[in-house]
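Asks: Let me begin by handing over the structure; questions about it come next.
The values are calculated or read from the model by the stated rules, or taken from the named source; none is laboratory data. Predicted model only: the values in this text are computed from it and were never measured. In this analysis, Cβ positions are derived from the backbone assuming ideal geometry, glycine residues included, and neighbour counts consider all displayed protein chains. Side chains included, ligands, DNA and RNA excluded: accessible areas come from the protein's heavy atoms. Shrake-Rupley method; radii C 1.70, N 1.55, O 1.52, S 1.80 Å.
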Number of protein chains: 2
Amino acid sequence: MIQTPYLLFLGDAPDPLAAKVAQGIRDWRPENCVGQFRMEGCKADLGLPDMTLAEGIAAGAKTLVIGVANRGGKIGQTWKKVLVAALEEGLDLASGLHNLLRDEPDLAAVAQATGRALHDVRVPEVEYPIANGVKRRGKRVLAVGTDCSVGKMYTTLALDAAMRERGMKSTFRATGQTGILITGDGIPLDAVVADFMAGAVEWLTPDNDPDHWDVIEGQGSLHHVSFSGVSLALIHGGQPDALILCHEPTRAHMRGLPDYTLPTLEQVRDMALPLAQVANPACRVVGVSINTQHMGATEAARCCAEIEDRMGLPTVDPFRHGAGRLAEALAAL
Amino acid sequence: MIQTPYLLFLGDAPDPLAAKVAQGIRDWRPENCVGQFRMEGCKADLGLPDMTLAEGIAAGAKTLVIGVANRGGKIGQTWKKVLVAALEEGLDLASGLHNLLRDEPDLAAVAQATGRALHDVRVPEVEYPIANGVKRRGKRVLAVGTDCSVGKMYTTLALDAAMRERGMKSTFRATGQTGILITGDGIPLDAVVADFMAGAVEWLTPDNDPDHWDVIEGQGSLHHVSFSGVSLALIHGGQPDALILCHEPTRAHMRGLPDYTLPTLEQVRDMALPLAQVANPACRVVGVSINTQHMGATEAARCCAEIEDRMGLPTVDPFRHGAGRLAEALAAL
């Protein structure tokens, strides 16, 4: 578990998109952010107070989170100077970068000498059990997608926020690197060893109050041949009571697979639901989340209405319309 | 890849069942076995010539394979003496034990000093790619089961043998520890990191002659909530042209999951086939393999006939009836 609050490191981000992890933390857990640390030439700005390391620490920061993608897969010397100083001044470091903090000899040495933690959220830090399939108390909802990167994380974060706004007991459960950095906790499911995937999801969503909802971030897609096994482990380990179908209607083919067309929402429903009912016979599909970022407002509204009509399920773009109707569908379950 | 032929180490096996890995190698790859090495008190006998290490080496052995389960998860001192001597005399070691050869300091040191290899087949030795889903040449058949341990490995080994008997081009593709030790090659799929599971299966079953069949050992079950993700990675990474359904009719519940009943063969067919057709629209279910080990001959024959009638598919117990009819079903495809 990563200590909060955070000082967000934006480095020398060449554009706002490069800092999208930091932006996600800022959007979804503003209470965890004391400020931003920017280097010369940084083109991203989260609208948070700019702080030095000392100012961040004075404001209560416990961890410097690398919220920016690095170029070329190396942690450059300009960053290193800041990261080493952060450890020396008493901050932990957290990163979702491909190249690990712990593999940098200087960072590893300074962390050890200062007793600070290096959190590489791509690497599982727990020995997960093998799933036992035992029915757990509490309720769970999982996002399943027609494809990778259609908005499952955004949907579940928005749903969690909408549920808590309504006074429902809800916890967002991160299953990927960005989600873990946003909330400080979760499982990097795509990095877990095959035999323990479903067990990791069980571990992430344990027994809880009967009226508590775990809102589980989905990964991949049952129809994405590269990652479908991860998606199925979420369905079986999560034993969800409810599924939300996620879709991006303008995509021409499955992400990274030019020869594969996207399944229809009906196909995803008809594949995911019987699989989910193996672990939880009461599971239902309760709503649809459409990512309309490539559409105008009118087209987006028409698209959601058409799908709502076709599927007979509340259909929203949580970014445009909020996730309130999905939260209500869960409350009504 | 493990160097063949093997000298099979049976240790002090307390009964024949403890040496079932060695028995599997003896049954399916007799040409790879020069002899057996037994210690005092060994209660297993494969009917192979008993040999000392020196005799095994003189007969051409390249690797001493630990074909016996150890008690209590430790590699005891009585075994150690033999294993160290084997390395010193020029044999590699191969093992599917939970506790790894490489984690034994004495074995690791002697292997390094002598330049011999320690093969722990539970540990992936390749950096597998992420699956790309590109259609490959050649044909593939995969065993899918109603449960774990219903006979998928036996079925595919028997099918491979029956196909080669008929002059078909066929390669058994091992996806578990025992299969890897039997053939000297394969992937320990349950130990592969989630993101690379399907890619490992693609790597295992590459482009081949149009009339060549990869006969892929199945793992787990789509209906087994602990391991279903592994099963789906096989279906999508293997992009099979044909599926064989495997079942053990007397089992009371899913292995290790007392609250879960087994699916019917129809349910497995209806779940596995549409998933397989995502990667290979031409995929068909071509036969059923029934493990009748807990039935008498009459009951077994009646059971297979009843299922054949019900499913409209050739149905055999490969152990009792051979896998010839399954091979013919593939040849007719």
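Asks: Could you say which residue among B:Val144, B:Val215, B:Val193, B:Val201 is within 14 Å of chain A (Cβ to nearest Cβ), touching an Asp or Glu at 6+ places or on another chain (Cβ under 9 Å) and hydrophobic (A, V, I, L, M, F, W, C)?
Replies: Details: B:Val144 fails: touching an Asp or Glu at 6+ places or on another chain (Cβ under 9 Å); B:Val215 fails: within 14 Å of chain A (Cβ to nearest Cβ); B:Val201 fails: touching an Asp or Glu at 6+ places or on another chain (Cβ under 9 Å).
None of the others qualify; the one that does is B:Val193.
Asks: Among all residue pairs at least 6 apart or on different chains, which show Cβ distances below 9 Å where the first residue, located in region B:242-271, is without any contact (Cβ under 8 Å) to a residue 12 or more places away in the chain and more than 11 Å from every other protein chain (Cβ to nearest Cβ) and the second is surrounded by fewer than 21 Cβ atoms within 10 Å (Cβ to Cβ) and in a loop (DSSP other than H, G, I, E, B)?
Replies: B:Ala252/B:Pro258; B:Ala252/B:Thr261
Asks: Among the residues that make up region B:123-132, is at least one of them of a type in the set (Ser, Thr, Tyr) and either in contact with a Leu (Cβ under 7 Å, 6 or more places away or on another chain) or away from chain A (no Cβ under 13 Å) (or both)? Walk me through how you get there before you give the answer.
Replies: Of all residues in region B:123-132, those of a type in the set (Ser, Thr, Tyr) come to B:128.
Now restrict to residues that are either in contact with a Leu (Cβ under 7 Å, 6 or more places away or on another chain) or away from chain A (no Cβ under 13 Å) (or both): none.
No, there is no match, as no residue in region B:123-132 is of a type in the set (Ser, Thr, Tyr) and either in contact with a Leu (Cβ under 7 Å, 6 or more places away or on another chain) or away from chain A (no Cβ under 13 Å) (or both).
Asks: If a residue must be touching a residue at least 40 places away in the same chain (Cβ under 8 Å) and more than 25 Å from B:Ala174 (Cα to Cα), how many such residues does region B:14-36 contain?
Replies: 1
Asks: If I filter region A:198-211 for residues that are part of a strand (DSSP E or B), farther than 13 Å from A:Ala272 by Cα and open to solvent by less than 10 Å² (accessible area, probe 1.4 Å), do I get at least one hit? Write out each step before concluding.
Replies: Quick first cut of region A:198-211, residues part of a strand (DSSP E or B) only: none.
There is no residue in region A:198-211 that is part of a strand (DSSP E or B), farther than 13 Å from A:Ala272 by Cα and open to solvent by less than 10 Å² (accessible area, probe 1.4 Å).
Asks: Residues that are crowded, with 23+ Cβ neighbours inside 10 Å and at positive phi, at least 1 per element: which strands (runs of 3 or more DSSP E) completely within region A:3-69 meet that? Walk me through how you get there before you give the answer.
Replies: Numbers: elements: A:6-11, A:33-38, A:63-66.
In region A:3-69, the matching strands (runs of 3 or more DSSP E) lie at A:6-11.
Asks: Kindly indicate whether A:Val193 is among the β-branched types (Val, Ile, Thr), surrounded by fewer than 24 Cβ atoms within 10 Å (Cβ to Cβ) and within 29 Å of B:Gly238 (Cβ to Cβ).
Replies: Values: among the β-branched types (Val, Ile, Thr): yes; surrounded by fewer than 24 Cβ atoms within 10 Å (Cβ to Cβ): yes; within 29 Å of B:Gly238 (Cβ to Cβ): yes.
Yes: the conditions hold for A:Val193.
Asks: List the strands (runs of 3 or more DSSP E) that sit entirely inside region A:82-182 and contain at least 2 residues that are of a type outside the set (D, E, K, R), open to solvent by less than 10 Å² (accessible area, probe 1.4 Å) and closer than 26 Å to A:Gln3 by Cβ.
Replies: Values: elements: A:92-95, A:118-120, A:139-145, A:169-173.
Correct list: A:92-95.
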